[in-house]
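Comments concern the structure below.
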Amino acid sequence: MATIQKPVMVPIDQLKPYEHNVKKHTKTQIDGIAESIKRYGIYAPIVVDKDNNIVIGHGRLEAAKILKLKEFPVIKHANLSEQDAKALRLLDNRISESDWDIDNLKHELENIQFPWEDFHINFDDLYQPQLQNIAIDIDPTDQHMESYLHGNIKQVTLIFSNDEFEKVMDRMEKAGKELGADSNTEILIKLLDHYESS
């Protein structure tokens, strides 16, 4: 029978990130987690081994640091072996991955009104891997489509393989830090300006 452990509060400075963590977290993701905690509270604890090495929850720790939290709810697996800790990290990352129901995702995105700017994240950046597979039905006579076609905003969709996408996003993130740009649009414009001036 599975046991249910009660989280305990542990000082942030006692939690140790795992140096070989296989999952990367972008600044966008960390900012989003931080804003979620600020708005809704902490709904998922960090999981650690007996020595406070993080097994699950590296993104939550980084978000907690941004929020300057002194402590965080933690579930400690005191009897977890090193091999089991490695396995649990991989299992948690892999099992949590699943395909999106594109129809339902399309419906939710089209029918949500939410102040995403409060999260200090770029909604399109966060959902781009999913949005690039969505084809929204548009009536050619729709006034919003007319505004889009003749307005001052245009959208470009780029299709990448999985490997290409990871490489592009990694380089875009690095370029954003170097150029001081926050969104992919701003990064691309600055890169093009730099290319033209070189």
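The numbers here are math on the coordinates, done by the rules we state, and not lab data. Bear in mind the structure is a predicted one, so any value in this text is a computation, not a measurement. Positions of Cβ are generated from backbone atoms using ideal geometry, with glycine treated the same way; all protein chains shown enter the neighbour counts.
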Full extension from SER96 to ALA78: what is 0.36 nm times the residue separation minus their Cα-Cα distance, to one decimal in nm? 4.1 nm
With 10 angstrom as the radius, rank LEU69, LEU61 by how many other C-beta atoms surround their C-beta, starting from the fewest. LEU69, LEU61
Length gain on complete extension for the stretch GLU164 to GLU186, per 0.36 nm per residue less the alpha carbon to alpha carbon distance? 5.9 nm
Inter-site label distance for LEU179 and VAL8 at 7 Å from Cα along Cβ, in nm: 4.9 nm
Neighbour-count ranking for ARG171, ARG60 (other C-beta within 10 angstrom, fewest to most) reads ARG171, ARG60
For a paramagnetic label modelled at 7 Å from the Cα of ASN53 toward its Cβ, which residues of segment 1-26 fall within the zone defined by backbone nitrogen distances under 12 Å? 16-21
Along Cα→Cβ, 7 Å out, is where each label goes; now give me the distance between the ones at LYS65 and PHE114 in nm to one decimal. 2.6 nm
